[in-house]
Every structure is written in C-alpha cells, then in structure tokens.
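Q: Quick one: the structure is below, questions incoming.
The values are calculated or read from the model by the stated rules, or taken from the named source; none is laboratory data. On a predicted model such as this, the values are computed, not experimentally measured, just so you know. Cβ coordinates were reconstructed from backbone atoms using ideal geometry, including for glycine residues, and neighbour counts include every protein chain displayed. SASA here: full protein model, heavy atoms, side chains in, ligands and nucleic acids out. Shrake-Rupley method; radii C 1.70, N 1.55, O 1.52, S 1.80 Å.
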Amino acid sequence: MRNMNRRNFVALGLGTSLTAATAGRAAVIDESTGQRQGSGSVWREPARDIPVTGETDVVVCGGGPAGIAAAISAARAGASVRLIESNGCLGGIWTAGFVPYIIHAKREACLMEEIWQRMAEQHDSRLPYFNPEDMKVVLEQMCEEAGVAFRLHTRLAAAATANGRLRYAITESKSGRQAWGAKIFIDTTGDGDLGALAGNGYDFAHEGTGLFQPSSLNCLVAGLDSDQVAGLDRWAMRKELERAGVAPSYGVMGASLFYVGAGLYFLQATHQYGYRVFDDAGEQTRATVEGRAENHRMVRALRELGGKWRNIVMVATAEQIGNREGRRLHGLATVTRDDLMEGRRQPDPAVSGVTYLMNIHPVRLEGNPAEIQEMRAPVKPYDIPFRALVAKDVAGLLMAGRCISGDFFAHGSYRVTGYAVPMGETAGVAAALAAYEHCLPHELSWTAISDKRREVRTGRL
C-alpha cells in the first residue's frame, strides 16, 4: 500500500477502500482547493493526509458494557489495546445512558462478577442497581489497571479497508481527524457503526414489517423518602403518574423507579416511537428532546401531587438515549428465534445458557402487529455461537453486544447488558489470540479461544 505508514496516509485515492462519513469538527477548506458541485448542494472535499495516531494489536470501538469487557479481556490476554468512546465516560448505557442496573447478569466467574465486587467494595451500591458516577470510576480504574489505552470524546467517522480486510478506524475529535490501526478490530458500538462503515452487511428492524422497538430517555431523580416509595413496582408507579395526569409513553411496560444509592432514583417511563436514532442525527435529536421534555413533565406533575412526591427533583436526564434497535451485522452464524424457542446449544458457545425472554417492546403505543406482540415470550436456555461475533463481509472484524448477527426476535433477548459483557470477553480474548497468531479470528479453533478465556478469567478471580 503505497505512501501508507505509521505516520500518515492520504484519505482518498491510495488503493484503499475508504468508506467515508463526516462527524465532529470539519476541516477548514479554501474554496480555491475544493470543488463546488451543481448549485452548491454538494461540496467535494479535496484529498488530505490523515495521521496514523497509533497502531495496536486490537482496537475496540465503543466503550459500553461489551466494549469494556472486550478491551480489558484482550489486554489481560496479552494484547496492546486501544478503546475509543464517543461519550465523556466509559460505561455506555450503564453510565451515559442512565440504565444503572445490570439486566440479567449471571453471577459466574467472569468479568461481570469482578465489576460487581469492585462496586460493592468501593461504593454504596445496591447491586444490581448502582450509582452511574460510581460505575464510571470503577470502569476507568479497571481499564487503566489492565493497560487499556482509552480515548474519550472521540467519535468514529470512517473505516479504511484493503483487500477486504479492515485496516484503520478513523475518528474525529478535538485532535482532528485521526486513523487508528490494528491487527484486529472489535465493533462494540451497539449500532454496528464500525461494521457498517467498513462495508459489512447488516439488518435492521422487524423483517416482515420494517417496524422497530422504541428508544427510551431515562433520568435520575432525588428528594424521595425510601420508606414511602418502597414497594412501588412498575404498575404501581404507572398508576401514580396517571394519578398525576401524565400517562407515561412507556405504555403497557409500566414505569420503573429504582433506588441506586446516594439518595438517587432511576426513572424509566418514556418510549420514543418511530425514531431511527442509529443512523440519523436529526431523528436522534428529536427523540432526545421529546424524551427529556416528557421526563420533566412527569417530575413536575408528581411534585404537584404532594405527599410522598412533594420534594422530588430532577437531577439529570441521560446524555445518551437508550436505543434498543440498531444494525445487526451479518456474521458467520445468525442467532434466530428458532434457536431461542428450541433451546439450541452450539459447538462454540461465546455465551452459554442464555435465558432472558424475547423482550420486544411495543413498536407503537397502540396497534402493534400480532406477530410482534405475541413474541414477548420466555425462551429455552440457548447458546450464542462465537461465529455470530465474526463479521461475514469484512476480515479482521469482530463484534460484541447487541450488534452481533441475529434476527429481530433473538435480538430482543441477547441485547441486554448481562450478556453483552461475556460476549465482549469472548471477542476480546479471540482478538488477542488472532493478533498473536497473525491470523484472522475465524481461523482460530474454538478450543484455543475457550482455553484462553478460562485462563484469563481464572487469573483474576
């Protein structure tokens, strides 16, 4: 690849397949060097050099539960690791998204148990519920101790491939446009951003109708007496909101209020229906504004009720909207509804014995298609195969979390964070092994991956 080295490469025209996307700060362009097309609706940016800021064994894009697990596990397996996160903190939906509880965590000898232990030892946690600020600190500590080099406030903008293999993740930040090279990449963005930019195929929404689950914007509140609100389940909380005159858009799902320590309560009572937030910033903006306004209306209405609600105050709404849908990147295997209903076991279980129901949130406030409504159902224990974590169309790319390869219904089960963590662990260990062996992830034996994962887990617990 001519003119490409550790220092810089030209963004366009080097024989590298570069899937471009703009994000963050734009470069200042002199009109004398650029070309305006048509009536000014398109600006053709001239080619420019992008510095290759770092080269590591593994680059992980997305610092949520799956990304944290992937980065730490890869580093503990001996790889040099770079973790890239768009928010100003690690933890993703746990922290920036204000979902301060671990959904369906299995207490087994894995990274999840270590996170729980850290939180219990260092903070006023009521596990599985926790203060998001405490979680931020614990995750930063764990990454630093493992030797993970992480970069916050850095958004993925493009990807560069050569001969079908991913070579660089390209980002935008206060440092400008930068390229990060690696032997193996892991997409833990939740929305499958890296895989899509690199050209990997993907699915989105319900295969038959094109409908998709709503997003939620959560908030933290304070000023409540724990004795007075104890025992309010989601249905009782919904009735309280309705009594205040603000029926929550969460609809048939009720409304959740959990104590997370330090006088803070988590409130989840909104659905933003029909917003395609995974690839449209305008839609994401509108959904966020709508959700924030509804949260404030609910808190004000509760306070006006008086009684146990008289001192309730809004502390903060989430920085990151909770998106249940996103790209489901095509992999070497696909987790399907039949796998869940039949309880299929796999020869390469990245996660074993998944038992979380097909938690399909209503795609509309009213009038949901029968097929979708009826599939909010229990499942038989099933496995997530490692092959579903290996990208089908782009070499050198793994994925973990809710962007793995699966259908609409299976995604409703495995998308929760309790399973994102062990998926991330498996992807991280496999990436480290592939980097060490100078091979691609699909060329590794499952025995080698499983043995290394056991070694990494046993070495810490």
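Q: If R0 is 41 Å, what FRET efficiency do you get for THR209 and SER352 from their C-beta distance, rounded to 0.05?
A: 0.80
Q: OK, next. Rounded to two decimals, what is the ratio between the C-alpha radius of gyration of the stretch 203-286 and 2.2 N^0.38 Å? Write down the numbers at each step before the final one.
A: Numbers: Rg = 15.6 Å, N = 84, 2.2 N^0.38 = 11.8 Å.
Taking the Cα Rg and dividing by 2.2 N^0.38 Å, one obtains 1.32.
Q: Looking at the calculated P(r) for the stretch 79-123, what percent of the C-alpha pair distances fall above 17 Å?
A: 49
Q: Here's something else I'd like to know. When the accessible area of the chain is split by element with a 1.4 Å probe, what percent falls to carbon and sulfur? Display every interim value, and only then the final one.
A: On the way: 8660 of 18720 Å².
Roughly 46 percent of what the probe reaches on the chain is carbon or sulfur.
Q: Once you have all Cα-Cα distances for the stretch 65-198, histogram them in 10 Å bins from zero and send the whole-percent values.
A: 12, 40, 33, 13, 2, 0
Q: Can you order the peptides 193-199, 242-248 by their average number of other Cβ atoms within 10 Å per residue, highest first? Please report the intermediate quantities before stating the final value.
A: Details: 193-199: 26.0, 242-248: 15.9.
Highest-to-lowest ranking by the protection proxy: 193-199, 242-248.
Q: Sort 76-86, 145-155 by the packing proxy (mean of other Cβ within 10 Å over each peptide's residues), most packed first. Could the numbers behind the result be given before it?
A: On the way: 76-86: 24.1, 145-155: 17.5.
My ranking of the peptides, most packed first, is 76-86, 145-155.
Q: When the helices in the chain are scored as -39500 (n - 2.57) per DSSP H run of 4 or longer and the sum is shared across all residues, what 222 nm value do you end up with, to the nearest 500 deg cm²/dmol?
A: On the way: 12 runs with 136 residues, N = 461.
Estimated from H runs of four or more residues: -9000 deg cm²/dmol.
Q: Translational diffusion coefficient, Stokes-Einstein: compute it for the stretch 332-375 using the Kirkwood radius over C-alpha pairs as Rh, at 10 °C and 1.306 mPa s, and state it as an integer in µm² s⁻¹.
A: Using the Kirkwood radius from Cα pairs, D works out to 126 µm²/s.
Q: Follow-up question, since we're still on this one. Hey, could you grab the Kirkwood Rh for the stretch 283-348? Inverse mean 1/r over distinct alpha carbon pairs, Å, one decimal.
A: Result for the stretch 283-348, one decimal place: 16.2 Å.
Q: Could you pull out the trypsin sites (Lys or Arg not before Pro) across the stretch 375-461 that fall in loop regions by DSSP (anything but H, G, I, E, B) with no more than 16 other Cβ atoms inside 10 Å?
A: Filter output for the stretch 375-461: ARG460.
Q: Ok, one more. With Rg/Rh (Cα atoms, Kirkwood Rh) as the read-out, I listed [x] 0.98; [y] 1.13; [z] 0.94; which label goes with the value calculated from this structure?
A: Checking each listed value against the structure points to [x].
Q: If you scale each eigenvalue of the Cα gyration tensor by 5 and take the root, what three semi-axes come out for the stretch 221-270, rounded to whole angstrom and sorted largest first?
A: So the equivalent ellipsoid measures 19, 11, 9 Å along its semi-axes.
Q: Which pairs, out of LYS136/LYS174; LYS136/LYS392; LYS106/LYS452; LYS380/LYS452; LYS106/LYS136, put more than 31 Å between their alpha-carbon atoms?
A: Violating the 31 Å Cα-Cα cut-off are LYS136/LYS392.
Q: Could you sort 208-214, 345-351 so that the peptide with the highest average Cβ count within 10 Å comes first and the rest follow in order? Don't skip to the end; give the middle numbers.
A: Values: 208-214: 17.3, 345-351: 19.3.
With the highest mean Cβ count within 10 Å placed first, the list reads 345-351, 208-214.
Q: So, one more: Search the structure for amide H atoms under 5 Å from the amide H of ARG167, placed 1.01 Å from N in the peptide plane, and list their residues when 5 or more places away or on another chain.
A: Amide H to amide H, under 5 Å and 5 or more residues apart or across chains, ARG167 pairs with ALA160, THR161, ALA162.
Q: For q = 0.10, 0.17 Å⁻¹, what log10 I(q)/I(0) does the stretch 257-374 give under the Debye formula with an equal point scatterer on each alpha carbon and no solvent?
A: Once normalised to I(0) and log-transformed, intensities are -0.51, -1.08.
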